[in-house]
Amino acid sequence: MTRDPRFAERFVQAIRSVCGEETRTYGLHEPSFEGNEWVYVKECLDTGWVSSAGKFVDRFESELADYTGAKRTIAVVNGTAALHVCLQLAGVEPGDEVIIPSLTFVATANAVTYCGGIPHFADCEERTLGMDPEKLRAYLRETVETRDRRCRNRRTGRFISAVVPMHTFGHPVDLDPLAEVCREFGIALVEDAAEALGSLYKGRHVGNHGVLSALSFNGNKIITTGGGGAILTNDASLADRAKHLTTTAKLPHRWEFFHDSVGYNYRMPNINAALGCAQLEQLDGFLAKKRAIADRYRAAFETFPGVQWFPEPPFARSNYWLNVIRLDESFAHLRDSFLAITNDEKIMTRPTWIPMHRLPMYGVCPKMDLSVTDDMVQRIINLPSSSNLSSSL
Ligand SMILES: *Cc1c(COP(=O)(O)O)cnc(C)c1O
């Protein structure tokens, strides 16, 4: 079968049955601006409110809170900044370890480092491609001790102050057992929900299950503000502190510049929030289209030898941000030829990220057995998944 010269050709055909036959380039995830973007952005330009004040930031924050069900949201410059502040407010201090998946975008690990923390890598489970709760529980039981309700790594002597699961490609991780593990060991749960706006875990929007969580509105995410992110929380005092820290920690005053701590200039500019308001109005439409795309990929690969399309976990309703296929083990060696032939055809396909424990700056960090991650990264391919992928949707 795999020596069949037409095999790669059939692979391209399967993808084209979803994308279409046009000669254009099919990106992995392209933005779509078909709503009030021009109107709202023009309003910013016409009124001069383009920067750090203006009505669209407040409006975006409150609409995002309504959409996600989080009590409060704080709009910031990007998802990485959101994660950084989430971790700081969750209590990550210099020298602490933070458990994150090795299978993630580098921002998750970098945000830990910005706090002076040390990433500690956890393995993923095949069912979600996100953090494996049972493997984490077993690992912590043999690795840590809990003293004064604080969790300490017995091997390194350092505190473990947060666990940061990530909803990979928009598919929710199994949050309930992860929250249970965090309770058992006295560790704060922070969700990296950067890829998962619109995804539900057991009927509830992700980003509501820990103390704080982070969203991203980068140009390749399900909605975009150009660059942007948000912090979600259901804790009013954490929300107030997040707002304060991301706006240079300045105390309100008519003319005085008094800052009571080292804050950050992380506030989302009004012009970006204007784009966000227009995008949010279209989110339900994007989600419907992305389910339709996912259905087509499912059908296209249903009988395809050696290739499994990756469905949402049973407890979740996924935003299907990026469609994923997984090659059977005996087909893993074909990954690079699949990537080459599709990219030659201007169909952008990508392997997943190089796992964090293989990056030079994170190679020495503590980690559990990462065999599932190491296996998955060799067999996963992301497919073009833009909501405007096909004219026939
Ligand atoms: C996109 C993303 C982020 C944040 O990215 P920004 O580009 O800073 O908005 C963080 N974590 C994951 C997993 C992401 O995919």
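Against the list (1) among the small types (Gly, Ala, Ser); (2) open to solvent by 10 Å² or more (accessible area, probe 1.4 Å); (3) within 16 Å of the ligand (Cβ to nearest atom), the condition Ala138 fails is (3). Being within 15 Å of the ligand (Cβ to nearest atom) and in contact (Cβ under 8 Å) with a residue 60 or more places away in the chain holds for only one residue in Asn218, Asn270, and it is Asn218. Scanning the stretch 305-330 for residues that are part of a helix (DSSP H, G or I) and touching a Lys or Arg at 6+ places or on another chain (Cβ under 8 Å) turns up just one, Glu329. Exactly one residue among Glu37, Glu97 is in contact (Cβ under 8 Å) with a residue 40 or more places away in the chain and out of contact with any strand residue (DSSP E or B) (no Cβ under 9 Å at 6 or more places or on another chain), and that residue is Glu37. Close contacts from the stretch 67-89, counting a first residue that is within 11 Å of the ligand (Cβ to nearest atom) and a second that is in a helix (DSSP H, G or I) and of a type outside the set (Gly, Ala, Ser), with Cβ to Cβ under 6 Å and a gap of 6+ residues or different chains, come to His84/Tyr114. Could you say whether any residue in the stretch 155-164 is within 14 Å of the ligand (Cβ to nearest atom) and surrounded by 24 or more Cβ atoms within 10 Å (Cβ to Cβ)? The answer is yes; a qualifying residue exists.
Each row is one residue, and each column tells you yes or no for (1) of a type outside the set (Lys, Arg); (2) part of a helix (DSSP H, G or I); (3) more than 23 Å from Cys19 (Cα to Cα); (4) within 20 Å of the chain's Cα centre (by Cα).
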residue: Lys290; (1), (2), (3), (4): no, yes, no, yes
residue: Ala294; (1), (2), (3), (4): yes, yes, no, yes
residue: Tyr297; (1), (2), (3), (4): yes, yes, no, no
residue: Thr303; (1), (2), (3), (4): yes, no, no, no
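Take Val173 and tell me if it is in a strand (DSSP E or B) and within 27 Å of Asn323 (Cβ to Cβ). No; evaluated as a whole, the condition is false for this residue.
Within the stretch 64-118, the only residue that satisfies the criterion of being touching a Lys or Arg at 6+ places or on another chain (Cβ under 8 Å), surrounded by fewer than 21 Cβ atoms within 10 Å (Cβ to Cβ) and part of a helix (DSSP H, G or I) is Ala65. Filtered by the rule that a residue be surrounded by 20 or more Cβ atoms within 10 Å (Cβ to Cβ) and either among the aromatic types (Phe, Trp, Tyr) or assigned to a strand (DSSP E or B) (or both), the stretch 348-379 gives Tyr362, Lys367.
Could you list all residues from the stretch 167-207 that are of a type in the set (Asp, Glu) and within 16 Å of the ligand (Cβ to nearest atom)?
Glu191, Asp192, Glu195
You will find that of Asn382, Asn388, the residue that is under 25 Å from Gly27 (Cα atoms) and part of a strand (DSSP E or B) is Asn382 and no other. Residues that are outside any loop (DSSP other than H, G, I, E, B) and acidic (Asp, Glu) were ranked within the stretch 28-63; the one that is surrounded by the fewest Cβ atoms within 10 Å (Cβ to Cβ) is Asp46.
Taking the criterion of being within 23 Å of Phe310 (Cα to Cα) and among the β-branched types (Val, Ile, Thr), the only residue of the stretch 109-149 that qualifies is Thr128.
Among the residues of the stretch 309-338, the ones that are buried (at least 17 other Cβ atoms within 10 Å of the Cβ) and either modelled with pLDDT of 95 or more or among the small types (Gly, Ala, Ser) (or both) come to 16 in all. For the stretch 221-256, residues that are within 16 Å of the ligand (Cβ to nearest atom) and open to solvent by 10 Å² or more (accessible area, probe 1.4 Å) total 4.
The values are calculated or read from the model by the stated rules, or taken from the named source; none is laboratory data. Nothing here was measured: the structure is a model prediction, and the numbers come from that model. Cβ coordinates were reconstructed from backbone atoms using ideal geometry, including for glycine residues, and neighbour counts include every protein chain displayed. The area values use the complete protein model at the heavy-atom level, side chains included, leaving out ligands, DNA and RNA. Shrake-Rupley method; radii C 1.70, N 1.55, O 1.52, S 1.80 Å.
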